[in-house]
Amino acid sequence: MATGDKGPSGPDFTKGIPAGDLAEGSMLTGHVGDDEVMLARQGGKLFAVSAHCTHYHGPLADGLLVGETVRCPWHHARFNLQTGEAIAAPALSPLTCWRVEERDGTIVVKSKKEQPAPRPNGSPNKRIVIIGGGAAGFAGAEILRRHGFDGTITMLSNDSAAPVDRPNLSKDYLAGSAPEDWVPLRGDDWYAENKIDLKLKTEVAGVDVKSKEVLLEHGNKIRFDKLLLATGAEPVKLDIPGADQKHVYTLRSLNDCRAIIAQAKTAKRAVVIGASFIGLESAAALRARDIEVHVAAPEKRPLERVFGPQLGDFIRALHEEHGVNFHLENSVSAIDGRRVTLKNGGTIDADLVVIGVGVRPRLSLAEKAGLAIDRGVLVNAHMETNIPEIYAAGDIARWPDPISGERIRVEHWVVAERQGQVAALNMMGVPTPFRSAPFFWSQHYDVPLNYVGHAEKWDSIDIDGDITKRDCVVRYKLGGRVMAVASIYRDKDSLEAGLELERQAARTKSPTG
Ligand SMILES: Cc1cc2nc3c(=O)[nH]c(=O)nc-3n(C[C@H](O)[C@H](O)[C@H](O)COP(=O)(O)OP(=O)(O)OC[C@H]3O[C@@H](n4cnc5c(N)ncnc54)[C@H](O)[C@@H]3O)c2cc1C
Ligand code: FES
């Protein structure tokens, strides 16, 4: 993409650059006409691809080269440098690739390469049904077609909206800084063009594992050869008087978000119940709309359970800098009309209340179908449940994580998408284990927090850099081993930490499953 009136920056790669300007293992950004292009030299080969990630436009030259791939610095998407393919979410669309030559000490970028058309995969399983139109379900359907699956794909969702970029619902879209057309993962035409039968407003009532049929609410049945269960999670409801009033919301779907935005247009004061990721991101978004915001939650520090006390204190101070009022070690006991009563007896008048007290995985279909459950649907490394041909992915799945050595279940966008992709590849007969280090990001005002790995507990926290200066890497260790790494504006360190966790896991034996 050109950079405004100035035109694209960096050297014109069609005119050539001295070969010595691009050392082995390095990347350089320049341009070809109006296209910003990144050159990379890796393993003695040269690559020329789009300079920006197809997810949110992250600058790839600030990322990490790993073999013939590049990892994006912002949310860890991975691209094949040879073909441009987005081989791991959250990016789904490929990079453009150019031909590149080194001759007489000069590197020159030539013409664009054509994207190879998918070759039919020829899987004998011709009917794939996906329950869920969220991160895992969508990414699964997309990769099936991208890899040439030529059978039928039916995607069933009880939502009224086609799959959306859910993380945006508590960030730019809620804040009013992103238009609604950024929110769908693909336009409506895409489903028909890719022969994906997306059935919205369709409640699945059951799965008959013997006859291999999905049972819809109104009695229809859909047969499958392979099934992906990706029903996600739903917000926990608060059992307090007044929680069912019209101005009290939870946030999961595009409709939830639209309703909050409609109320925010006239609201003067909001109470956010719960200092969760969604609660705090919503608080930041509502502050951007100039609404007075109060956050009430029982914990001592926001997000301390995930990030520890140091980052917890920083997050609190950051929100306070932006005018958020915290009522911690407290909570809400009732909402009486516009009056919110706190457990300590205090009251706040609010015309908008957002409940962000966590989510619960939607397990009822899996339970009724007789799948093995242990605080999530149990899957093996290939995302297959205990019932052959039935896979599960995303917020509902508990998988054998080779990094922590435990069976874990997380609620992260990138994990859900990648698990959907891995499940889909296995369903179409391409054996693929899920081995990625769990990754999530969260955005509070202009501060992005990245987190890689998984640490439910730790015995020490090492801080490299300065949290208050928004320049830090925080390592969570157990028995001397790094289990997870959080970071602020240290993208390369975050990528390297993820790679190191994956390499360590590859050297140790995987947990059972
Ligand atoms: C507002 C918000 C912001 C977030 N921000 C971030 C972030 O910044 N970073 C991050 O890592 N994670 C974030 N998350 C979490 C992330 O979105 C989830 O981890 C991810 O969406 C899980 O994907 P999934 O496919 O498992 O479930 P979902 O995306 O929830 O999709 C589940 C789908 O199943 C459908 N469904 C469920 N039951 C049925 C049924 N019986 N019949 C038919 N359809 C059914 C639902 O309608 C939905 O379409 C955020 C979540 C929310 C709500
Ligand atoms: S911008 Fe590259 S992964 Fe998000």
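The values are calculated or read from the model by the stated rules, or taken from the named source; none is laboratory data. Source: prediction; values computed, not measured. In this analysis, Cβ positions are derived from the backbone assuming ideal geometry, glycine residues included, and neighbour counts consider all displayed protein chains. For accessibility, only protein heavy atoms count, side chains too; no ligands or nucleic acids. Shrake-Rupley method; radii C 1.70, N 1.55, O 1.52, S 1.80 Å.
Expressed in Å, the radius of gyration and Dmax of the Cα atoms of the chain are 23.8, 79.
Tell me which GluC sites (Glu not before Pro) from the range 415-513 have a DSSP coil assignment and no more than 14 other beta carbons within 10 Å of their own. Write out the running numbers ahead of the final one.
Numbers: sites: Glu417, Glu456, Glu496, Glu500, Glu502; in loops: Glu456.
Sparse-neighbourhood loop GluC sites (Glu not before Pro): Glu456.
A simple count of charges around Asp349, restricted to other residues whose Cβ falls under 12 Å of its Cβ and scoring Lys, Arg +1 and Asp, Glu -1, yields +1.
Compute the Cα gyration tensor for the range 208-294, then decide on rounded, prolate or oblate, letting a ≥ b ≥ c be the square roots of its eigenvalues: rounded whenever a/c is under 1.5, prolate when a/b is larger than b/c in the other cases, and oblate in all that remain.
Values: a/c = 2.91, a/b = 2.71, b/c = 1.07.
It comes out prolate by the Cα gyration axes.
Can you grab the distance from the C-alpha centre of the range 243-266 to the C-alpha centre of the range 439-513, Å, no decimals? A separation of 34 Å, based on Cα centres.
Rounded, prolate or oblate for the range 95-140? Axes are the square roots of the Cα gyration tensor eigenvalues, ordered a ≥ b ≥ c, and the cut-off for rounded is a/c under 1.5. Prolate is the answer for the range 95-140, as a/c is 1.5 or above and a/b outweighs b/c.
Give the percent of DSSP beta bridges with both residues in the chain that are antiparallel, rounded to the nearest 5. All intermediate terms of the calculation are to be shown ahead of the outcome.
Numbers: 77 of 111 bridges.
Antiparallel: roughly 70 percent of the beta bridges in the chain.
Distance distribution P(r), the range 121-278, all Cα-Cα pairs, bin width 5 angstrom from 0: 2, 8, 16, 18, 16, 14, 11, 8, 5, 2, 1, 0 percent.
Dipole of the chain computed with +1 at Lys/Arg Cβ and -1 at Asp/Glu Cβ about the Cα centre; of Ile348, Gly67, Leu227, farthest Cα towards the positive end is Leu227.
Of the GluC sites (Glu not before Pro) in the range 268-324, the ones in a loop by DSSP (not H, G, I, E or B) with at most 16 other beta carbons within 10 Å are Glu299. So which helices of the chain fit the span-like rule, where a helix is a whole DSSP H run, its Cα atoms reach 18 Å or more along the axis, and its mean Kyte-Doolittle is at least -0.5? Within the chain the helices that satisfy the rule are 304-321, 413-427.
Filter the trypsin sites (Lys or Arg not before Pro) in the range 447-513 down to the DSSP loop ones having no more than 11 other Cβ atoms within 10 Å, then list what survives.
Lys457, Lys469, Lys509
How much length, in nm to one decimal, is gained on full extension between Thr347 and Ala259, taken as 0.36 nm per residue of separation minus their Cα-Cα distance? Write out the running numbers ahead of the final one.
Details: separation 88, 0.36 × 88 = 31.68 nm, distance 2.45 nm.
Additional length available on full extension: 29.2 nm.
Take the chain with all the other protein chains still there, run a 1.4 Å probe, and you get 43 Å² of accessible area per residue. Cysteine residues of the chain whose Cβ has no partner cysteine Cβ closer than 4.7 Å: Cys97, Cys257, Cys472. Bridgeable lysines around Lys113 (alpha carbons under 18 Å apart, same-chain partners fewer than 8 residues away excluded): Lys45. Straight Cα distances below 15 angstrom link Lys265 to the aspartates and glutamates Asp256, Asp290, Glu292, Asp351, with same-chain residues fewer than 8 positions distant left out.
Here the simple spin-label model places points 7 Å from the Cα toward Cβ, and for Asn325 and Asp374 these points are separated by 4.7 nm. Dividing the helix sum by the residues of the chain, where each DSSP H run of 4 or more adds -39500 (n - 2.57), gives a mean residue ellipticity at 222 nm of -6000 deg cm²/dmol. Within the same chain, aspartates and glutamates fewer than 8 places from Lys492 are excluded, and of the rest, those with a Cα less than 20 Å from its Cα are Glu24, Asp62, Glu68, Asp446, Asp462, Asp464, Asp466, Asp471, Glu500, Glu502. Given a Förster distance of 30 Å, report the FRET efficiency between Glu292 and Arg470 from their Cβ-Cβ distance, rounded to the nearest 0.05. With R0 = 30 Å, the Cβ-Cβ based efficiency is 0.75.
With a Förster radius of 60 Å applied to the beta-carbon distance between Asn386 and Thr106, the computed FRET efficiency rounds to 0.50. With a Förster radius of 35 Å applied to the C-beta separation of Ala317 and Ser177, the computed FRET efficiency comes to 0.90.
In this label model, Ser460 and His57 are separated by 4.3 nm, measuring between points 7 Å along each Cα→Cβ vector. One Cα centroid belongs to the range 5-36, the other to the range 332-380; the line between them spans 51 Å.
Model label sites at Glu500 and Ala117, defined 7 Å from Cα along the beta-carbon direction, differ in position by 4.7 nm. Using a cutoff of 8 angstrom between alpha carbon atoms and counting only pairs six or more residues apart, the relative contact order for the chain works out to 12 percent. One chain, two ends: Glu217 and Lys237. Fully extended at 0.36 nm per residue, the span grows by 4.9 nm beyond their Cα-Cα distance.
Note down the magnitude of the dipole of the chain about its Cα centre, charges +1 on Lys and Arg C-beta and -1 on Asp and Glu C-beta and zero elsewhere, to the nearest 20 debye. Numbers along the way, then the final one.
On the way: 63 positive and 67 negative charges, 228 e Å.
Dipole size: approximately 1100 debye.
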